[in-house]
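The values are calculated or read from the model by the stated rules, or taken from the named source; none is laboratory data. In this text, all values refer to a predicted model and were calculated from it rather than measured experimentally. Glycine gets a Cβ as well: all are built from the backbone with ideal geometry, and neighbour counts include every protein chain shown.
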Amino acid sequence: MAMNKQMTDTIRRVLDDHARLPVDVDTLADDSDLYQAGMTSHASVNVMLALEDAFDVEFPDRLLQRSVFESVDAISSALTELEVRVAG
Amino acid sequence: MPTHPGPESVLGGESSAIVIRVGTDLVCVDAVRDAFEAHGSRYLTRVYTEREVEDCRTGGTVDPERLAARFAAKEATIKLLRGGNASVPWRSIEVRRDPSGWVDLVLSGPAATLAETAGIRDLSLSVSHEGGFASAVVVAELRGDGDE
C-alpha cells in the first residue's frame, strides 16, 4: 500500500511539473480523466518522458496508447506492468 | 431552371463519389520548446524521425516552430486514422519536406496498417505556424471499399 502511495505521489508530482493542466492536480481523483481535465496530446509526451526519468523505465511502443496516460490510476497500472520498483 | 449539384456531384457524380476524411490539430510552440529543453535529444528521438529533425534544423539548432508543426501533423493524422486506443508511435507518421517547400506524409508500421484498413489511398497535408501556435490539416481520400 505504501509503495502504491509513493508511486501515486511521484506520478502526481510529474503531472504537476509536466502536464500543463489548467487545474491543480491535487483537485483530481486518481481515476479522473486527465485529457478531460485539459492535458493535451503533446503534454502527454512530456509526461511520458518525465515518468521515464522518475521511474527509470522506458515505455515501449505497445504502451503508447492514449488510455495509458488518461489517469493517475492508468499510469500506475502501466508502471506496475513495467515492474517499476519504487525506492523506499 | 438550373439545378444545384449535391455534395456527391460536386466531387464527381454519384458513381464516382470521392470519400474523404479530415484531421486537424493545433500545438503550442512554447510547449514544444519546453519539452525540448526538459528532455533534449530523447524528446526528439522518441517523437520525430531523423529526417524530420534534419528538416527542422536551422542556424545550428532545431526550430521549435517546425517541430510543433510536425507534431500537429502527426496528431491530425492519428485523429484521421480513427485508431481508437491503438498504439500509434509518433515516428510511424513522418512529415517529409519537399525542396519546393511543400510537405507530405509517409506512414509506416501501425499507422500504415490503420490507413490500409481504413481504405486510405492518398493523404494531403498542410501545416502553418504563427503567433506561438502551429497547426496542421490532413485530408485523406478513401477507396470505396474502406471502413468508412
Residue set B:Lys79, B:Lys74; condition within 14 Å of chain A (Cβ to nearest Cβ), touching a Phe, Trp or Tyr at 6+ places or on another chain (Cβ under 6 Å) and among the charged types (D, E, K, R); output residue B:Lys74
Selection from the stretch A:1-39 of residues farther than 22 Å from A:Glu52 by Cβ, in contact (Cβ under 8 Å) with a residue 24 or more places away in the chain and not in a loop (DSSP other than H, G, I, E, B) yields A:Ala2
Within the stretch A:44-67, identify whether any single residue is among the small types (Gly, Ala, Ser), free of Cβ contacts under 8 Å to residues at least 24 places away in the same chain and closer than 22 Å to A:Asn4 by Cα, and answer yes or no. yes
Within the stretch B:113-133, residues being within 15 Å of the chain's Cα centre (by Cα) and either surrounded by fewer than 16 Cβ atoms within 10 Å (Cβ to Cβ) or not hydrophobic (A, V, I, L, M, F, W, C) (or both) number 6
For the stretch A:60-88 the number of residues that are farther than 23 Å from B:Ile78 by Cβ and at pLDDT 90 or above is 5
Counted residues in the stretch B:31-52 being within 10 Å of chain A (Cβ to nearest Cβ), among the small types (Gly, Ala, Ser) and surrounded by fewer than 18 Cβ atoms within 10 Å (Cβ to Cβ) come to 2
By residue number, the members of the stretch B:17-38 that are under 16 Å from B:Arg66 (Cβ atoms) and basic (Lys, Arg) are B:Arg33
Of the residues in the stretch A:40-88 that are among the charged types (D, E, K, R) and assigned to a loop (DSSP other than H, G, I, E, B), the one that is farthest from B:Gly84 (Cα to Cα) is A:Arg85
Of the residues in the stretch B:82-105 that are part of a loop (DSSP other than H, G, I, E, B) and under 17 Å from B:Tyr43 (Cα atoms), the one that is nearest to the other protein chains (Cβ to nearest Cβ) is B:Pro89
**Prompt:** Does any residue of the stretch A:20-37 turn out to be over 26 Å from B:Ala76 (Cβ atoms) and buried (at least 20 other Cβ atoms within 10 Å of the Cβ)?
**Reply:** no
Among residues of the stretch A:55-77 being over 9 Å from the mean Cα position of the chain (by Cα), under 22 Å from B:Ala38 (Cβ atoms) and within 12 Å of chain B (Cβ to nearest Cβ), the residue surrounded by the fewest Cβ atoms within 10 Å (Cβ to Cβ) is A:Pro60
